[in-house]
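Notes follow once the structure below has been shown.
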Amino acid sequence: MYVIQAAPIQRQDNPLRFIPDSSKVASPLSILNTMPKALLPRPPMPTSFFDLPREIRDIIYNLVLISSNKHITPFPLAQFLKTRRQPRFALQVPLVPSESPAQCTPTSELCGIETSLLSLSLPRTCRQIHTETYLLFWQHNIFDFHTPQMLISTLKDMGQIPSRLIRSITLPVSLTTTKHLPKALRLLASRSRYGDFNSLTLTIGRNDMIAIETCKMSSQADKVAVYDGLLEVLREGGQEKGFKKKMEVQSLLRNWKIGGGVDHSTVRELHLAWGGEMCVNGELEWRDYVHIGRCAGFS
């Protein structure tokens, strides 16, 4: 009996078969390094507001919360909408800045078609945005109030916390506001001691300046008493050292370079009563009771 043993089959390599050398195979990283930058895959775009750089977010905050001309006028939202809703506060940004805040009239601004509102909704969005924008709105805008009564009522309706965050205020002065001006100045003195308020600018328009000079030069004792009463109110308010004081006047003489006259005398008396800085027709004329302007030596 014969036993046939099968011989193992020897596998012969195909000479035509290509076996790549692993040492010479390019890796994916090396392929990316050799590709042109235009063909490289781009990183994913930001998917959240907080993925933007802080500098970009600050630009957005400034556009939303800061007026283009740095001046805003607060008023009750119910007054603007003419509804019976509970008064809330919006902020008005004049689209066409006037020459002087004293020349603005509440009626024309509130009823004008081109009146825009500056909303405070963005800081209420979330905690991080509130932290990044907490003081931006209050410390980089100048609040314009048309009368001392409006200032008193507005700060009262705002409440203690928001009203103490205001840093700069502009308030017009005239013979008709003398009665309520002392109370407004005392309120601002309190905000400077217990809050961030540090700058008050009193403005006198050209028409109000004419009325003030008319009372000063009048032969009637009651009109002269009104002028003296205005100076007395300014002296009492000027004694407050907690905030910077400034006065902007539109003089009767448009050519302020002409020296002498009742204009210079009245401006001098107003500055000596109020102190701080005195600007006439946009030019600095007095500072801390020293005449440094172009007309120094005439008054």
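The values are calculated or read from the model by the stated rules, or taken from the named source; none is laboratory data. This structure is a prediction, so every number in the text was calculated from the model and none was measured. For neighbour counting, all protein chains shown are included, and Cβ atoms are generated from backbone atoms with ideal geometry for every residue, glycine included.
Quick one: which helices (runs of 4 or more DSSP H) sit completely within the stretch 124-185 and have at least 2 residues that are farther than 22 Å from residue 70 by Cβ and over 20 Å from the mean Cα position of the chain (by Cα)? Reasoning before the result, please.
Values: elements: 127-132, 136-139, 148-158, 160-163.
The qualifying helices (runs of 4 or more DSSP H) are 127-132, 148-158.
Report every pair of residues separated by at least 6 positions or lying on different chains whose Cβ atoms are under 9 Å apart, first residue within the stretch 117-133 and closer than 16 Å to residue 75 by Cα, second aromatic (Phe, Trp, Tyr) and assigned to a helix (DSSP H, G or I).
117/80; 118/137; 120/137
Would you mention how many residues in the stretch 189-245 are touching a Leu at 6+ places or on another chain (Cβ under 8 Å) and more than 26 Å from residue 140 (Cβ to Cβ)? Walk me through it before giving the result.
So in the stretch 189-245, the residues touching a Leu at 6+ places or on another chain (Cβ under 8 Å) come out as 191, 195-197, 200-204, 206, 208-213, 215, 226-227, 230-231, 233-234, 236-237, 240, 243-245.
Going one step further and asking which of them are more than 26 Å from residue 140 (Cβ to Cβ), we end up with 206, 208-213, 215, 226-227, 230-231, 233-234, 236.
Summing the residues that are touching a Leu at 6+ places or on another chain (Cβ under 8 Å) and more than 26 Å from residue 140 (Cβ to Cβ) in the stretch 189-245 gives 15.
Hey, among the residues in the stretch 186-216 that are assigned to a helix (DSSP H, G or I) and of a type in the set (Gly, Ala, Ser), which one's nearest to residue 160 (Cα to Cα)?
Among those residues, the one meeting the criterion is 190.
Against the condition under 17 Å from residue 186 (Cα atoms), part of a loop (DSSP other than H, G, I, E, B) and at pLDDT 80 or above, how does residue 242 come out, does it pass?
Values: under 17 Å from residue 186 (Cα atoms): yes; part of a loop (DSSP other than H, G, I, E, B): yes; at pLDDT 80 or above: yes.
Here the answer is yes, as residue 242 does meet what is asked.
Report whether or not residue 265 is assigned to a helix (DSSP H, G or I), at pLDDT below 90 and of a type in the set (Gly, Ala, Ser).
Values: assigned to a helix (DSSP H, G or I): yes; at pLDDT below 90: yes; of a type in the set (Gly, Ala, Ser): yes.
It is true that residue 265 is assigned to a helix (DSSP H, G or I), at pLDDT below 90 and of a type in the set (Gly, Ala, Ser).
Confirm whether residue 184 is free of Cβ contacts under 8 Å to residues at least 40 places away in the same chain, in the same structural domain as residue 265 (by TED's automatic domain parsing) and in contact with a strand residue (DSSP E or B) (Cβ under 9 Å, 6 or more places away or on another chain). Even if it seems obvious, please write down each step before you answer.
On the way: free of Cβ contacts under 8 Å to residues at least 40 places away in the same chain: yes; in the same structural domain as residue 265 (by TED's automatic domain parsing): yes; in contact with a strand residue (DSSP E or B) (Cβ under 9 Å, 6 or more places away or on another chain): yes.
Spelling it out, residue 184 is indeed free of Cβ contacts under 8 Å to residues at least 40 places away in the same chain, in the same structural domain as residue 265 (by TED's automatic domain parsing) and in contact with a strand residue (DSSP E or B) (Cβ under 9 Å, 6 or more places away or on another chain).
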